[in-house]
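Q: There's a structure below that I have some questions on.
The values are calculated or read from the model by the stated rules, or taken from the named source; none is laboratory data. Please read all numbers here as calculations on a predicted model, not as lab measurements. Reconstructed Cβ throughout: ideal geometry from the backbone, glycine too, with neighbour counts over all protein chains shown. These area figures cover heavy atoms from the full protein model, side chains too; ligands, DNA and RNA do not enter into them. Shrake-Rupley method; radii C 1.70, N 1.55, O 1.52, S 1.80 Å.
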Amino acid sequence: MIFISAQICGIIALILTVISVQFKTKQKIIMCFVFANLVASIQFFLLNAITGAVISIINTIRCMVFYYYKKKGKKPSLAILLLFEIVAIVSGIISWQNIWSIIPIVATVLYTYGLWQDDVKIIRITTAIVGLGWAIYDIIVMAYIGAIQESSQFVSAIIALIRKNKK
(Lines give C-alpha, C1' and ligand atoms only; values in the text may rest on other atoms or scores of the structure.)
Protein backbone atom coordinates (compact mmCIF):
# COMPACT_ATOMS: atom_id res chain seq x y z
CA MET A 1 0.00 0.00 0.00
CA ILE A 2 2.88 2.39 0.76
CA PHE A 3 4.41 1.70 -2.65
CA ILE A 4 1.11 2.45 -4.39
CA SER A 5 0.65 5.64 -2.35
CA ALA A 6 4.13 6.74 -3.41
CA GLN A 7 3.28 6.15 -7.05
CA ILE A 8 0.06 8.17 -6.68
CA CYS A 9 2.13 11.04 -5.32
CA GLY A 10 4.32 10.58 -8.37
CA ILE A 11 1.31 10.97 -10.66
CA ILE A 12 0.36 14.26 -8.99
CA ALA A 13 3.93 15.56 -9.21
CA LEU A 14 4.04 14.48 -12.86
CA ILE A 15 0.98 16.52 -13.78
CA LEU A 16 2.21 19.61 -11.93
CA THR A 17 5.70 19.47 -13.40
CA VAL A 18 4.67 18.91 -16.99
CA ILE A 19 2.28 21.83 -17.04
CA SER A 20 4.64 24.15 -15.14
CA VAL A 21 7.14 24.80 -17.94
CA GLN A 22 4.33 25.71 -20.30
CA PHE A 23 3.51 28.85 -18.29
CA LYS A 24 4.78 32.13 -19.67
CA THR A 25 5.95 33.70 -16.41
CA LYS A 26 8.60 32.70 -13.92
CA GLN A 27 6.13 33.35 -11.10
CA LYS A 28 3.65 30.74 -12.34
CA ILE A 29 6.40 28.21 -13.12
CA ILE A 30 7.80 28.51 -9.60
CA MET A 31 4.39 28.20 -7.90
CA CYS A 32 3.70 25.00 -9.79
CA PHE A 33 7.09 23.65 -8.69
CA VAL A 34 6.26 24.44 -5.04
CA PHE A 35 3.43 21.94 -5.11
CA ALA A 36 5.28 19.42 -7.29
CA ASN A 37 8.25 19.37 -4.90
CA LEU A 38 6.01 19.01 -1.87
CA VAL A 39 4.27 15.99 -3.35
CA ALA A 40 7.60 14.55 -4.52
CA SER A 41 9.00 14.80 -0.99
CA ILE A 42 6.09 12.72 0.29
CA GLN A 43 6.71 10.19 -2.47
CA PHE A 44 10.40 9.86 -1.54
CA PHE A 45 9.65 9.51 2.18
CA LEU A 46 7.20 6.71 1.39
CA LEU A 47 9.93 4.95 -0.61
CA ASN A 48 12.54 5.51 2.12
CA ALA A 49 14.62 7.62 -0.30
CA ILE A 50 15.61 10.06 2.42
CA THR A 51 18.07 12.20 0.45
CA GLY A 52 15.49 12.74 -2.29
CA ALA A 53 12.84 13.60 0.31
CA VAL A 54 15.03 16.07 2.20
CA ILE A 55 16.23 17.73 -1.00
CA SER A 56 12.63 17.97 -2.26
CA ILE A 57 11.61 19.75 0.95
CA ILE A 58 14.48 22.19 0.49
CA ASN A 59 13.33 22.66 -3.11
CA THR A 60 9.81 23.42 -1.88
CA ILE A 61 11.11 26.08 0.52
CA ARG A 62 13.40 27.51 -2.16
CA CYS A 63 10.55 27.80 -4.62
CA MET A 64 8.38 29.53 -2.01
CA VAL A 65 11.14 32.03 -1.22
CA PHE A 66 11.84 32.68 -4.90
CA TYR A 67 8.10 33.07 -5.54
CA TYR A 68 7.86 35.62 -2.72
CA TYR A 69 10.70 37.65 -4.21
CA LYS A 70 9.20 37.48 -7.70
CA LYS A 71 5.81 38.55 -6.42
CA LYS A 72 7.46 41.61 -4.86
CA GLY A 73 9.16 42.35 -8.18
CA LYS A 74 12.60 41.59 -6.78
CA LYS A 75 15.30 39.05 -7.43
CA PRO A 76 16.70 37.05 -4.50
CA SER A 77 20.13 38.31 -3.55
CA LEU A 78 23.30 36.41 -4.24
CA ALA A 79 23.40 35.65 -0.51
CA ILE A 80 20.00 33.91 -0.76
CA LEU A 81 21.22 31.90 -3.75
CA LEU A 82 24.37 30.83 -1.91
CA LEU A 83 22.39 30.01 1.24
CA PHE A 84 20.14 27.60 -0.66
CA GLU A 85 23.12 26.08 -2.48
CA ILE A 86 24.93 25.48 0.83
CA VAL A 87 21.81 24.14 2.57
CA ALA A 88 21.24 21.70 -0.32
CA ILE A 89 24.81 20.43 -0.19
CA VAL A 90 24.93 20.10 3.62
CA SER A 91 21.48 18.49 3.81
CA GLY A 92 22.44 16.08 1.07
CA ILE A 93 25.58 15.09 2.94
CA ILE A 94 23.69 14.65 6.23
CA SER A 95 20.98 12.52 4.61
CA TRP A 96 23.44 10.62 2.40
CA GLN A 97 22.36 7.02 1.77
CA ASN A 98 24.61 5.89 -1.07
CA ILE A 99 26.47 7.12 -4.15
CA TRP A 100 23.14 7.83 -5.86
CA SER A 101 22.43 10.52 -3.27
CA ILE A 102 24.72 12.77 -5.28
CA ILE A 103 22.10 13.09 -8.03
CA PRO A 104 19.48 15.08 -6.05
CA ILE A 105 22.21 17.25 -4.56
CA VAL A 106 23.77 18.18 -7.91
CA ALA A 107 20.35 18.59 -9.54
CA THR A 108 19.24 20.96 -6.80
CA VAL A 109 22.39 23.05 -6.95
CA LEU A 110 22.02 23.38 -10.73
CA TYR A 111 18.30 24.06 -10.66
CA THR A 112 18.57 26.58 -7.83
CA TYR A 113 20.96 28.57 -9.98
CA GLY A 114 18.57 28.25 -12.94
CA LEU A 115 15.58 29.47 -10.95
CA TRP A 116 17.63 32.35 -9.59
CA GLN A 117 17.99 33.67 -13.11
CA ASP A 118 15.33 35.95 -14.55
CA ASP A 119 15.51 34.39 -17.99
CA VAL A 120 12.70 31.83 -18.46
CA LYS A 121 14.80 30.19 -21.18
CA ILE A 122 17.50 29.39 -18.61
CA ILE A 123 14.81 27.94 -16.32
CA ARG A 124 13.62 25.70 -19.13
CA ILE A 125 17.17 24.58 -19.99
CA THR A 126 17.99 23.71 -16.38
CA THR A 127 14.59 22.02 -16.06
CA ALA A 128 15.50 19.74 -18.96
CA ILE A 129 18.95 18.87 -17.60
CA VAL A 130 17.75 18.31 -14.05
CA GLY A 131 14.88 16.16 -15.29
CA LEU A 132 17.32 13.62 -16.70
CA GLY A 133 19.23 13.40 -13.42
CA TRP A 134 16.15 12.97 -11.27
CA ALA A 135 14.77 10.35 -13.69
CA ILE A 136 17.84 8.21 -13.06
CA TYR A 137 17.52 8.68 -9.29
CA ASP A 138 13.81 7.85 -9.42
CA ILE A 139 14.44 4.56 -11.21
CA ILE A 140 17.06 3.62 -8.63
CA VAL A 141 14.75 4.34 -5.66
CA MET A 142 11.72 2.75 -7.40
CA ALA A 143 9.84 6.01 -7.86
CA TYR A 144 8.71 4.78 -11.24
CA ILE A 145 6.02 7.37 -11.83
CA GLY A 146 8.58 9.94 -10.71
CA ALA A 147 10.91 8.70 -13.44
CA ILE A 148 8.12 9.16 -15.96
CA GLN A 149 7.46 12.60 -14.47
CA GLU A 150 11.08 13.66 -14.77
CA SER A 151 11.34 12.29 -18.30
CA SER A 152 8.13 14.16 -19.14
CA GLN A 153 9.59 17.27 -17.54
CA PHE A 154 12.60 16.92 -19.82
CA VAL A 155 10.43 16.51 -22.92
CA SER A 156 8.06 19.31 -21.89
CA ALA A 157 10.96 21.70 -21.29
CA ILE A 158 12.46 20.85 -24.69
CA ILE A 159 9.09 21.41 -26.38
CA ALA A 160 8.70 24.74 -24.57
CA LEU A 161 12.20 25.78 -25.66
CA ILE A 162 11.48 24.91 -29.28
CA ARG A 163 8.04 26.52 -29.21
CA LYS A 164 9.27 29.75 -27.63
CA ASN A 165 12.31 29.96 -29.94
CA LYS A 166 10.07 29.80 -33.00
CA LYS A 167 8.32 32.95 -31.81
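Q: What number comes out for the charge environment of GLY10, summing +1 per Lys or Arg and -1 per Asp or Glu over other residues with Cβ under 10 Å away?
A: Local net charge: -2.
Q: Provide the per residue accessible area, probe 1.4 Å, for the chain, rounded to a whole number of square angstrom.
A: Value for the chain: 49 Å² per residue.
Q: Under 13 Å from the Cβ of LYS75, count the other residues' Cβ atoms, weight Lys and Arg +1, Asp and Glu -1, and hand me the total.
A: Values: positive: LYS26, LYS70, LYS71, LYS72, LYS74; negative: ASP118, ASP119.
Charge balance in the 13 Å sphere: +3.
Q: Here's another thing I want to ask about it. Mind checking the full-extension length gain between VAL90 and ILE158? Use 0.36 nm per residue of separation minus the Cα-Cα distance, one decimal, nm.
A: Values: separation 68, 0.36 × 68 = 24.48 nm, distance 3.09 nm.
Value of the extension gain: 21.4 nm.
Q: How many percent of the accessible area of the chain is carbon or sulfur, using a 1.4 Å probe?
A: 76
Q: Between [x] 1.07; [y] 0.96; [z] 1.00, which matches Cα Rg over 2.2 N^0.38 Å calculated for the structure shown?
A: So the structure-derived entry is [y].
Q: In the range 38-167, what is the count of Lys pairs whose alpha carbons are under 18 Å apart, counting only pairs at least 8 residues apart or on separate chains?
A: Count of close lysine pairs: 5.
Q: Measure out, as a whole number of angstrom, how far apart the alpha-carbon centroids of the range 116-167 and the range 37-96 sit.
A: Spelled out, the Cα-based centre of one part sits 17 Å from the other.
Q: From the Cα gyration tensor of the range 69-167, with a ≥ b ≥ c the square roots of its eigenvalues, which class applies: rounded if a/c is under 1.5, or else prolate if a/b is larger than b/c, or else oblate?
A: Oblate shape, in that a/c is at least 1.5 and b/c is the bigger or equal ratio.
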